[in-house]
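Report on the structure given below.
The values are calculated or read from the model by the stated rules, or taken from the named source; none is laboratory data. Small disclaimer: the values here were computed from a predicted structure and weren't measured. Positions of Cβ are backbone-derived with ideal geometry, glycine not excepted, and every protein chain shown enters the neighbour counts. Side chains are part of the model used for accessible areas, which takes the heavy atoms of the whole protein and leaves out ligands, DNA and RNA. Shrake-Rupley method; radii C 1.70, N 1.55, O 1.52, S 1.80 Å.
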Amino acid sequence: NSAIIALIKVPLGLLVSSMAAFALTRLKIPRAQTILAVLVLGTIVPIQIALAPLFGIMLGLGLLNRYLGVILPYIAFGVPYQIFILYGFLRAIPFELDEAARIDGATNFQLFWRIILPLAKPALAALFILDFVATWNEFGMALVILQSKESWTVPLALQGYNTQFSSSYGQLNAAIIVSIVPVMVVYLLFQKYFVSGTFAGAVKG
């Protein structure tokens, strides 16, 4: 369940964040700085204070014990931070590239998809790893929304496993090791971009 949620939420969230950051940095949007400031405020809202109203909303929408019930809140809470990071990175990309592309007849979407997005690959890879790990390990929101065992994510399953096999350390350790394998695989796949993306964001942001 965690793999399905992470593999849907993380790419979708990064797509939304990158499109928003592109619009704020490369397009002439009125009050772009104000919009960015409002989005940044979203990064300081603790998830814990939203759990009770979130439960009521998901109950009303019939999304309890459904993947969509956690994917949508995960995206909503993750996008502001990703936009903030990508905003600084995309602003450092020379605007002369935009002018050259528009002279060649490129549309906004072509500029975003063929030029800006490939150049932002290091930052996107770094965010992919961080977001994947955060989504994989998230506990509080999943505990509130995913209440049936069939829909449990890895942290919830480990908690239940710990309760059931609290004295069986061999089985418990084996379950923990298996749970971290996907995270290690994702890191190994993107590690060459992770360091460059992290340092690039620190310098260019």
>> About the Cα centre, and with charges only on the beta carbon of Lys, Arg (+1) and Asp, Glu (-1), how big is the dipole of the chain? Nearest 20 debye, please.
In response: 200 debye
> How big is the chain by Rg and Dmax over its Cα atoms, in Å?
Replying inline: 19.5, 69
> For the chain, what is the mean residue ellipticity at 222 nm derived from helices alone (per DSSP H run of n ≥ 4: -39500 (n - 2.57); sum divided by total residues; nearest 500 deg cm²/dmol)?
Replying inline: -24500 deg cm²/dmol
> So what does L61 come to for accessible area, using a 1.4 Å probe and Å² rounded to 10?
Replying inline: 110 Å²
>> Can you compute the equivalent ellipsoid semi-axes for region 41-155, i.e. the square root of 5 times each eigenvalue of the Cα gyration tensor, sorted largest first and rounded to whole Å?
In response: 36, 14, 13
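What are the chymotrypsin sites (Phe, Trp or Tyr not before Pro) within region 51-153 that DSSP puts in a loop, where the Cβ has at most 14 other Cβ atoms within 10 Å? Could the numbers behind the result be given before it?
On the way: sites: F55, Y67, Y74, F77, Y81, F84, Y87, F89, F95, F109, F112, W113, F128, F132, W136, F139, W152; in loops: F95, F139, W152.
Hits after loop and neighbour filter: F95, F139.
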>> Given an 8 Å cut-off on Cα distances and at least 6 residues of separation, report the relative contact order of the chain as a percent.
In response: 33 percent
>> Can you give me the orientation-averaged projected area of the convex hull built on the Cα atoms of region 70-115, in nm²?
In response: 3.9 nm²
